[in-house]
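S.K.: Just dropping this structure here.
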C-alpha cells in the first residue's frame, strides 16, 4: 500500500514558505522607506543651495540652475562651474550638526563699530541724513511703554512668542510698524532661544518656520537675526533662509553678528540688495559707551546719507537715547523701511 503523506510535514512546509514570504515583504518595505528618507534628505540639501548667478539669466532661471548644478556630471560642468560646485560640496560635507550653546549677539567691540571704509564717500543729499535705530528683543508691554516714553522714532524688533513671553506677537500687532528678531544659531550660546534656526535645518523646516512667523506677525516685512554668528556665516543655511523669506515677502536685515557673514553673497545671488546694521550701540551697557556709539551712528549717517544702528531695551540704553536727543537734530530718525 502507498504511504500517505504526512499532514504535519505539509503544514510545516507551508508555514516556512509563508514566513519566508513575509520576511521578503518586510525587507522590501524597509528598503523603500530608506530610499524615501535618503531622497528627502538630498532634496532638502539641493533646494537650499545657491549658485553664482550666470549672466543673462532671469532670477527664476538662476535659482533653477543653482539647484541642478550638483546633479550635473563632472564632465559636463564648465571651467567656471567646477570650482563653485566643489566648494558647495565641501560646505555640505563640513556642516556640523552639533553646536555649542551662545553669548548674546556679538562678541567683540570691533564688530560693534561701523564697517571700515577705505575711501571716505562724499554724499550729496537734499534732506537730512536718515538714521534708523532698531531695538531688538522687544517682548513685553513694559518695554514698549518705556520705548514710547522717549518720543523718538524707533523700530521695535519683536522676539517670536514662547512660553516665557506668549504675547509678543499680540503686542506687535498694536504697532504701526515692527520687525521680527529671529533667533539663529550662534558659535557660542549662553542660552539658546526656543526654535532657533540651526545650520543643518532642512529647507522644508525653515520654510515651515518662516510661514509660522508670517502667521504670527502678518504685517512683518523685515526680519533681522538674533545672535546667528554660525548661521549667517553658513552659505547653504543662508540660501535656505533667503529662499523662504522671499516666499513670504520678507526682507532680511543682517544684524552682522559675525564678520564672516555670507548674507552679502547670498543676497547678491538672489538679485537682492544687502542691508545691514552699521553700528551696535550697546555692546557694552555703560551709558557713556552707548552715547559714544550713538555719535558714531550719526557720523555714519552723515557720511553715507543713511545708517542703521541696533540696540536693546536696557535701562542704560534707553537713558542714553533720551539724553542724546540734541544730537539727533542733525539727522532724521526714521523707521528702517525708510532708509533704503
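S.K.: Give me the distance in nm between label points sitting 7 Å out from Cα along the Cα-to-Cβ direction at residue 285 and residue 162, one decimal.
M.R.: For the pair residue 285/residue 162, the computed spacing is 1.8 nm.
S.K.: Continuing with this model, one more query. Suppose each label sits 7 Å from its Cα in the direction of the beta carbon; what would the residue 34-residue 153 distance come out to in nanometres?
M.R.: My value for the distance between the label points is 6.2 nm.
S.K.: In addition: On full extension of the chain, what length is gained from residue 128 through residue 188, given 0.36 nm per residue of separation minus the C-alpha to C-alpha distance?
M.R.: Between residue 128 and residue 188, full extension yields an extra 17.6 nm.
S.K.: OK, next. Where in the range 230-246 does the amide nitrogen come within less than 15 Å of the point 7 Å from the Cα of residue 260, taken along Cα to Cβ?
M.R.: Under cut-off, by backbone N: 230-238.
S.K.: Rank these for me by crowding, 157, 233, 202, 255, going from fewest to most other beta carbons within 10 Å.
M.R.: 202, 233, 157, 255
S.K.: A further question on this structure: Which of 235, 338, 185, 216 has the fewest other C-beta atoms within 10 Å, and how do the rest follow up to the most?
M.R.: In increasing order of surrounding Cβ atoms, one gets 338, 216, 235, 185.
S.K.: Which order results if 285, 262 are arranged by neighbouring Cβ count within 10 Å, fewest first?
M.R.: So the residues, fewest neighbours to most, are 285, 262.
Every number here is computed from the coordinates shown, using simple stated rules; none is lab data. Small disclaimer: the values here were computed from a predicted structure and weren't measured. Cβ coordinates were reconstructed from backbone atoms using ideal geometry, including for glycine residues, and neighbour counts include every protein chain displayed.
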